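What follows is a single structure, written as structure tokens, with notes after it.
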Amino acid sequence: MSATASLTFKIATEAAEFEAIHRLNYKTFVEEIPQHTNNPDERLVDKFHGENTYAICLAGERVVGMVAGRAQRPFSLDHKLPNLDSHLPPGRNVLEVRLLSVEKEFRNGFVFSRLVGLLAQYFRERGFDLAIISGTLRQLRLYKHLGFVPFGPRVGSGEAQFQPMYLTLESFIEMAKTLSPSSPAVERILASYLPGPVEVHHEVRKAFERGPVSHRSDAFINDFRATKKMLCELTSAAHVEILVGSGSLANDAIGAQLSRLGSRGLILSNGEFGDRLIDHAARLGLDFEMYQMGWGEPFDYAEIRQRVQGKPFGWMWAVHCETSTGILNELKELKSICARASLKLCLDCISSIGTVPVELTEVHFASCASGKGLAAFPGLSMVFYNQPLTPAPLPRYLDLSFYAAQQGIPFTQSSNLIYALQTSLKRTAWGEKFAQISATSTWLRARLRELGFQIVAPDAHASPAVVSIALPAEVSSKSVGWQLQKAGYLLSYKSEYLLRRNWIQICLMGEWTRENLAALPDVLFELTANQRRRKSKRLLQTPA
């Protein structure tokens with residue numbers, strides 16, 4: 001038997017477990033995948049039940065996942081695929097794995113791999129070394145990731161189509177060792193909806209894992225230039241410098257450039273990261289005024305126009321996507337105001353570039369980071385700009401003119417991070433990504449509101465990639481976030497500014513799928529409802 005903080009995995013042995021298996025079998029292969037007809041008992045006993053060995057996943061006493069193994073021939077695939085053995089590696093002792101079923105709120109790579117891993121260990125100890133399976137088409141990507149090899153034509157029809165696949169048990173068990181509950185690899189296979197670090201594509205991970213390359217080699221310098229060119233093409237900026245550090249470093253570099261202008265500025269804020277721009281400016285000793293709105297409130301652009309009219313401001317600094325609230329401030333309005341007042345517009349675009357179209361023409365400086373919408377590893381930040389830079393008496397690490405004079409590589413660069421970023425930029429069809437984020441966000445926000453949740457940012461001013469949810473006072477965002485993580489969903493809730501407001505966030509920035517997201521609103525609803533019921537019960541039991 002093995003367990004995580006909330007889930008237990010075991011071979012089924014008890015009568016109650018077998019009864020739960022029959023009901024989960026019915027739920028999956030009658031109601032969800034129509035392979036069998038309805039019956040009033042709402043239970044489905046597999047025709048090979050007496051020959052099956054079941055690995056199950058328990059959440060408390062509830063069976064939430066199962067998979068069966070069977071070694072007797074003929075297999076079910078023998079009836080669907082003539083000459084089955086001709087498709088398989090010779091000399092193997094074969095079993096058939098069937099009836100994979102996981103409750104929707106627990107569908108993630110972790111539960112799947114642990115179920116199959118437990119079953120694989122059980123049968124390998126009995127001399128079997130090859131498993132065959134009829135893989136559902138919706139999970140082919142996950143099967144392949146875990147080492148399953150497709151063979152032969154698809155079987156079944158209509159909504160119940162499957163791809164025959166095989167897996168060598170020794171190779172899977174080796175992989176399963178990296179997916180133990182104590183391993184940090186577990187988090188990589190959860191469904192992640194963090195604002196950063198984000199889940200990255202396996203091609204991006206592969207590029208990162210290459211051996212390091214000298215930042216002075218001709219090959220690297222050429223690839224570095226190509227990466228900068230792709231960044232500029234994505235944003236329509238004339239130039240970009242890539243720094244080794246987080247987005248905060250990029251904002252410090254922008255602040256250092258503003259310190260050279262010798263003019264007063266206006267900093268706009270309607271959330272945590274606007275407030276951080278104020279802190280950047282204060283630490284650098286900039287001369288500025290503040291325009292602040294409440295968290296989650298859009299800017300009043302008419303008021304901003306009046307604020308700058310006739311005043312000796314030289315620059316304006318604002319956040320494009322306010323990650324804390326999910327507000328997407330209006331870039332066109334900010335550009336228009338600055339153009340009319342002859343102000344240099346500077347932007348924090350750390351959570352907008354890579355999630356929505358961003359047009360940086362007419363923007364003086366803009367910051368970005370690799371580990372958010374660009375869907376690469378954290379560790380690189382960028383400053384985009386459209387004007388020539390002149391030498392400046394600034395700290396070397398913040399002097400963008402020094403970067404420009406050194407082909408963008410004044411100091412050691414991480415080739416691993418650069419090649420991961422380059423791979424993400426190359427493989428992403430940005431128009432498709434933006435459309436996918438927008439459509440999914442529209443559905444997600446509507447579903448959350450349908451379930452009674454309060455979304456912080458109004459739809460007309462919302463980033464599609466950041467959905468901040470204000471939970472009711474009787475529900476703990478910390479507790480809900482932890483329970484979601486145990487169920488396989490990584491959401492943002494641990495930041496101090498989120499905890500203080502009892503907010504939780506769903507972010508669509510890196511690699512994610514609509515399928516894995518589909519059940520999340522209902523899981524969130526159930527967890528919050530459970531907390532409310534428990535609190536209500538405690539209040540009723542409290543003596544007057």
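The values are calculated or read from the model by the stated rules, or taken from the named source; none is laboratory data. Computed from a predicted structure; not experimentally measured. When we count neighbours, we look across all protein chains shown, and the Cβ atoms used for this are built from the backbone with ideal geometry, even at glycine.
General remarks:
- Residue among Thr361, Thr412, Thr390 that is among the polar types (S, T, N, Q), part of a loop (DSSP other than H, G, I, E, B) and closer than 15 Å to Ile254 by Cα: Thr390
- Residues within the stretch 76-100 that are of a type in the set (S, T, N, Q), at pLDDT below 90 and not in a loop (DSSP other than H, G, I, E, B), tallied: 1
- For Gly379, the requirement of being under 22 Å from Lys433 (Cβ atoms) and either surrounded by 23 or more Cβ atoms within 10 Å (Cβ to Cβ) or modelled with pLDDT under 95 (or both) is not met.
- Residue within the stretch 122-140 that is at positive phi, assigned to a loop (DSSP other than H, G, I, E, B) and either touching a residue at least 40 places away in the same chain (Cβ under 8 Å) or not hydroxyl-bearing (Ser, Thr, Tyr) (or both) present: yes
- Complete set of residues in the stretch 354-376 that are surrounded by fewer than 16 Cβ atoms within 10 Å (Cβ to Cβ) and among the polar types (S, T, N, Q): Thr361
- Members of the stretch 412-425 found to be within 12 Å of Ile242 (Cα to Cα) and under 17 Å from the mean Cα position of the chain (by Cα), listed by number: Leu421
- The helices (runs of 4 or more DSSP H) falling completely within the stretch 426-544 that include 2 or more residues that are at pLDDT below 95, surrounded by fewer than 21 Cβ atoms within 10 Å (Cβ to Cβ) and over 20 Å from the mean Cα position of the chain (by Cα) map to 520-541.
- Residues considered: Leu24, Leu58. Of these, the only one that is out of contact with any Cys (no Cβ under 9 Å at 6 or more places or on another chain), closer than 21 Å to Phe162 by Cα and either without any contact (Cβ under 8 Å) to a residue 24 or more places away in the chain or surrounded by 15 or more Cβ atoms within 10 Å (Cβ to Cβ) (or both) is Leu24.
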